[in-house]
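Worksheet: one structure, shown below.
The values are calculated or read from the model by the stated rules, or taken from the named source; none is laboratory data. Nothing here was measured: the structure is a model prediction, and the numbers come from that model. Quick reminder, even Gly has a Cβ in these numbers, built from the backbone with ideal geometry, and neighbours come from all protein chains shown. With ligands, DNA and RNA removed, areas are computed over all heavy atoms of the protein, side chains included. Shrake-Rupley method; radii C 1.70, N 1.55, O 1.52, S 1.80 Å.
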Amino acid sequence: MERSKSQKLISKCQYDNCDGSGMVVDTETNTAKFCKCHYDKIMENKLAFANIPKEFEDLTIGSFMTDCYSNEEFRTRALMAKKAAVNFINNYEMFKEKGKGLYFYSYVKGSGKTRLAASLGNALIKVHRARVKYTTTLDLLDEIKATYNKDSALTENKLLEAIKQVDVLILDDIGVEEPTSWVREKFYNIINGRMISNKITIFTSNSMAEELKHDDRVKNRIEKMAIPVYLPDESIRSAIAKKENEDLQEILFK
């Protein structure tokens, strides 16, 4: 028997609670309220907008491993960084009011900076419904250059304004870009705009803010906008890969 039109609509709501519109109507009181699926769709849109790399899109702060570092000092430092991320989430409204973000850094690639920053971004979206945007510095510069194409539907001003105004910007790998005069000017424009708008920026870098090759205008603003969080100077990519493989081997060979 063919299902009725109303049954087909109801199937669009995973909770079978509304007709797929995201609204639940109480016919007795003639009132309406949002269905849970409405908030799920908002969350999905925010996660898509955030553009967090697929490798990190399901990460949580709780899943950030601290026992894979090779010595006690590094494990303690990683645990403190993880605690800082948790406390940032718990006190988000205060940090939002002050426009203060975090600056995750270590002198070694693969130390967990991006993983922790992405986990923090995921938590901000899911817990506080913040509008988060992730980008690497090189990708951001490429996006700006792409607006110069005559076929671009987006102007440079519109792109920069969107970057300046997003609730939380995760700027990954600052310091790897070649600091030409053009690059310095674009970064100053973005960083200064976010500082003036009191917006939160989460940075990751392979150096301290004061060691960046940008001019003092940019470095001073970053130091004002973000609290430094020092991660261990040790790559854990291979350790994480080994742990993931061991978990999968248990399934393959049990």
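Quick notes
- Cα shape, region 54-96, gyration tensor, a/c 1.5 rule: oblate
- Gyration tensor (alpha-carbon) shape descriptor, region 108-157, a/c threshold 1.5: oblate
- Cα-based reach from residue 96 at 12 Å (exclusive), listing aspartates and glutamates while leaving out same-chain residues under 8 positions away: 167
- Accessible surface of residue 64 - all protein chains present, 1.4 Å probe, nearest 10 Å²: 10
- Spin-label model, residue 94 to residue 251: label points 7 Å out along the Cα-to-beta-carbon direction sit 4.1 nm apart.
- The length gained by stretching the chain between residue 192 and residue 148 to full extension, at 0.36 nm per residue less their Cα-Cα distance, is 13.6 nm.
- Gained length - residue 210 relative to residue 230, 0.36 nm times residue gap less alpha-carbon distance: 5.8 nm
- Given 98/242; 113/150; 82/133; 82/219; 100/150; 219/243, the pairs whose alpha carbons are separated by over 29 Å: 98/242; 113/150; 100/150; 219/243
- Tensor-based shape of region 68-189 (alpha-carbon gyration tensor, a/c under 1.5 rounded, otherwise prolate or oblate): oblate
- Simple Cβ-charge dipole of region 110-221, Lys/Arg +1 and Asp/Glu -1, about Cα centre, in debye nearest 20: 500
- Descending principal axes extents, region 126-193, alpha-carbon based, whole Å: 38, 29, 19
- Magnitude of the charge dipole for region 53-168, about its Cα centre and with charges confined to Cβ atoms of Lys, Arg (+1) and Asp, Glu (-1), is about 260 debye.
- Accessible area ranking (1.4 Å probe, heavy atoms, ligands and nucleic acids excluded), largest first, for 243, 158, 254: 254, 158, 243.
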